[in-house]
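The values are calculated or read from the model by the stated rules, or taken from the named source; none is laboratory data. What you see is a predicted model, and the numbers here were worked out from it, not measured in a lab. Every residue, glycine among them, receives a Cβ derived from its backbone with ideal geometry; neighbour counts consider all protein chains shown. The accessibility values were calculated without ligands, DNA or RNA, using every heavy atom of the protein model including side chains. Shrake-Rupley method; radii C 1.70, N 1.55, O 1.52, S 1.80 Å.
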Number of protein chains: 2
Amino acid sequence: MTIQQLSKEIGISIDTLRIWERRYGFPIPTRNARGHRSYSGDQVDELRIVKKLQSLGHRPGKIFALSSAERRELLTVAAEQELPPNQALQQLTKEFSPSQIDEELREQLQKLGLVSFIHQYALPLLQALDQGWTEGSISIAREHLVSDRLEQLLREQLVTEQPTKSQKQLLFLTLSGERHKLGLLLAAALFHAEGIGCILLNQELPISEVPQLASELQVDGVALSFSFHYSTRQAKNDLARLRNQLDPQFKLIAGGQAVQGGIQMQNLIICTTLKQIPRICRKLSA
Amino acid sequence: MTIQQLSKEIGISIDTLRIWERRYGFPIPTRNARGHRSYSGDQVDELRIVKKLQSLGHRPGKIFALSSAERRELLTVAAEQELPPNQALQQLTKEFSPSQIDEELREQLQKLGLVSFIHQYALPLLQALDQGWTEGSISIAREHLVSDRLEQLLREQLVTEQPTKSQKQLLFLTLSGERHKLGLLLAAALFHAEGIGCILLNQELPISEVPQLASELQVDGVALSFSFHYSTRQAKNDLARLRNQLDPQFKLIAGGQAVQGGIQMQNLIICTTLKQIPRICRKLSA
DNA sequence: GTCATCTTTTGTCCTAGACAAAATTAGAAG
DNA sequence: CTTCTAATTTTGTCTAGGACAAAAGATGAC
């Protein structure tokens, strides 16, 4: 695999891959006839683990000081601190076919209602998927499959609504480079449940387009999500740039793993947990 | 704007931006205190035009030999060769609110049926959006908005189906880096209309996950789309790698602008127009 | 006109060095 | 022993300029 393919596949920049090789001696790829790097499948797997550990808060220096086995152990230890998923979720994540997944999700949504479904079902499900990947019992492909069906289901709940003029309206979107849209969707669903009008845009937008869209749609604010794909540094940069371009009348709300690390900015609301959403809504309506 | 932000915003790699500057003398950004490149808003707009001309088949050498005004003219000339959009579409693309767009789309779908809706309504609509952008009468933001609603509508049509065991099944997906999902969706809708079971995955998958997913879902083939975001070179690379990793029993179908330029490979079906789909379906069922 | 060969264009990769922002450690003061 | 500030290390992204293969275009033979 070439350096570009690797970079795309795991979401680490080419520059970073090269400097890791220079500094830490890993990954050291073979070279093809041209002198270009060529990575093995094992190296890809190892880097996935490195990425995961990094997103758990470990720094590259520490991670690369460990052996491959030690890295795996560290990951397992972290996973064991979480609750084990219940059996119903096991089935869903491991055995069900696409249509069975759909059926199960819709049934649970019906039974629990949107808010409880998110807190009591969707979040544990996502956690189970994550844990399953760590253990090696769930393939990335399956993870994608299940979260895709959940995404579609939630999206349907949000798009069919008709906003009333009186309520506050928020525009939910992700910036270019953010592939993870599920977190934003969960947040939007909860805002919706609190009576906020939610306009959801399932596209990765360039920053410069956001101000125009916000004023054209006459929303009261813009909500963004930055997953672990985004480095905290970049999230901060992008938010600063956006806040700068966006008229101060619009609220700006940011959530997701990349903004947990204490970003502070004027006129910016950071949403660290989904549980904060009711409080933010009260603030918005005031 | 930094080089990274610019690269993300318009989808041209950092390496390419730097070498364009070296070779053609455009864009030449100012430098900040660190000596890092800093691009102006005008340069961003100009590069969007360059990108558009490039996707129309012009080569960088030619494009950069022109003046800014000449570039704009070339773009306008190209746009005028297309049919002017009718008034109904004008309204949709320029005036309607999100919920009005939804309403109109759903009404047209109801009236025309899926296949006619795609050929007689969706495709002209997308063309009108594109043309509007060229003229400057439609913002990129609005373009995103309309295509997002269309995407959601089509997705709903496809996800609600229950596949029967007997029919052929295809897995529709995009690879990491491919943000444009609408083309794939249109294709999937037409395959669906021909009686093919369509499993749609709205995620950008790494190549290495595709073989596993295909065999887990027991589909008969995998269909991919490569929009103008993808260079032909990369599409070719990725397809070769995927064909190599994927068991020969699975068909591989590729479509989109990036594969129009005559990619040929064993065991690969290239779909240059949506009109070819019925023929491909007959081939599949045989 | 068609095919094969030569030339130019183009994008991606290479090395190796620099530096600021973030994170950590050390030290001082309460 | 805690809290705050200052020095130090770590880390990712940028820089320059060179190299080369694949794609596209031009040339010439038949």
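What to note about this one:
- Beta bridges assigned by DSSP with both partners in the protein assembly as shown are antiparallel in approximately 10 percent of cases.
- Dipole magnitude of the protein assembly as shown about its Cα centre (Cβ charges: Lys, Arg +1; Asp, Glu -1), debye to nearest 20: 1760
- Chain B: most fluctuating residue of B:LEU200, B:LEU56, B:LEU126 per GNM, C-alpha cutoff 10 Å: B:LEU56
- Solvent accessible area, Å² - B:SER7, 1.4 Å probe, full protein context: 20
- Derived from the Cα gyration tensor, the three semi-axes of the equivalent ellipsoid of the stretch A:3-80 are 23, 12, 12 Å, largest first.
- Net charge in the neighbourhood of B:LYS275 (other residues with Cβ under 15 Å of its Cβ; Lys, Arg +1, Asp, Glu -1) is +2.
- The calculated 222 nm mean residue ellipticity attributable to helices in chain A amounts to -16500 deg cm²/dmol, summing -39500 (n - 2.57) over DSSP H runs of n ≥ 4 and dividing by all residues.
- Amide H to amide H, with H built 1.01 Å from N, A:VAL222 comes under 5 Å of A:LEU171, A:LYS251, A:LEU252, A:ILE253, counting only residues 5 or more places away or on other chains.
- For chain A, lysine pairs separated by 8 or more sequence positions, or belonging to different chains, with Cα-Cα distances below 15 Å total 7.
- Between identical copies, the spacing of A:SER285 label points, each set 7 Å from Cα toward the C-beta atom, reads 5.5 nm from nearest to farthest.
- This model, with +1 at the C-beta of Lys and Arg and -1 at the C-beta of Asp and Glu, gives the stretch B:87-158 a dipole about its Cα centre of some 100 debye.
- Per residue, in Å², the accessible surface of the protein assembly as shown once ligands and nucleic acids are set aside, probe 1.4 Å: 48
- P(r) weight above 32 Å for chain A, C-alpha pairs, percent: 33
- Loop-resident sites, the stretch A:42-106, for GluC sites (Glu not before Pro), counting at most 13 other Cβ within 10 Å (DSSP): A:GLU82, A:GLU95
- Exposure of A:LEU171 as accessible area (Å², to 10), given a probe of 1.4 Å and all protein chains: 0
- Two-site label geometry, A:LYS283 and A:SER97: point separation in nm, points 7 Å out along Cα→Cβ: 4.8
- The fraction of accessible area contributed by carbon and sulfur in the protein assembly as shown is 47 percent, rounded to a whole number (1.4 Å probe; ligands and nucleic acids excluded).
- Inter-copy label distances at B:LEU114, shortest first and taken from points set 7 Å along Cα to Cβ: 2.7 nm.
- Between A and B, buried accessible area from a 1.4 angstrom probe totals roughly 4300 Å², ignoring ligands, DNA and RNA.
- Tilt relative to chain B, helix B:41-55 - C-alpha long axis, 0 to 90 degrees, to 10: 50
- In this structure the amide hydrogen of B:CYS198, modeled in the peptide plane, comes within under 5 Å of the amide hydrogens of B:LEU170, none closer than 5 places in sequence on its chain.
- Axis-proximal residue, chain A, for the rotation superposing A on B (Cβ, Å): A:GLU156, 3
- Label point 7 Å beyond Cα along the C-beta direction, distances from B:THR16 to other copies (nm, shortest first): 2.2
- Radius 14 Å from Cβ of B:ILE28, net charge of other residues (Lys, Arg +1; Asp, Glu -1): +2
- Across chain A, the relative contact order, built from alpha-carbon pairs under 8 Å that are at least six residues apart, equals 12 percent.
- Farthest positive-ward along the stretch B:162-285 dipole, Cα basis, beta-carbon charges - from B:PHE228, B:ILE277, B:LEU184: B:ILE277
- For chain B, the longest principal axis of the C-alpha atoms and the axis of helix B:232-245 are separated by about 30°.
- Distance between the modelled labels on B:ASP247 and B:THR30, one decimal in nanometres: 6.0 nm (7 Å Cα→Cβ projection).
- Based on Cα atoms of the stretch B:202-260, Rg over Rh with Rh as the Kirkwood radius reads 0.95.
- Residue-wise HN-Hα couplings along the stretch B:32-39, as the Karplus relation 6.51 cos²θ - 1.76 cosθ + 1.60 with θ = phi - 60° gives them from phi, are 8, 4, 7, x, 7, 5, 9, 9 Hz; Gly and Pro carry x.
- Take the convex hull of the alpha carbons in the protein assembly as shown; its mean projected area over all directions comes to 27.0 nm².
- The angle between the Cα long axis of helix B:14-24 and the main principal axis of chain B comes to about 50°, on a 0 to 90 degree scale.
- Between A:SER13 and A:ASP130, the FRET efficiency estimated from the beta carbon spacing at R0 = 22 angstrom works out to 0.40.
- The distance between label points at B:ASP42 and B:GLN276 comes to 4.4 nm (points 7 Å beyond Cα on the Cα→Cβ vector).
- Environment charge at B:PHE64 (Cβ cut-off 10 Å; Lys +1, Arg +1, Asp -1, Glu -1): +4
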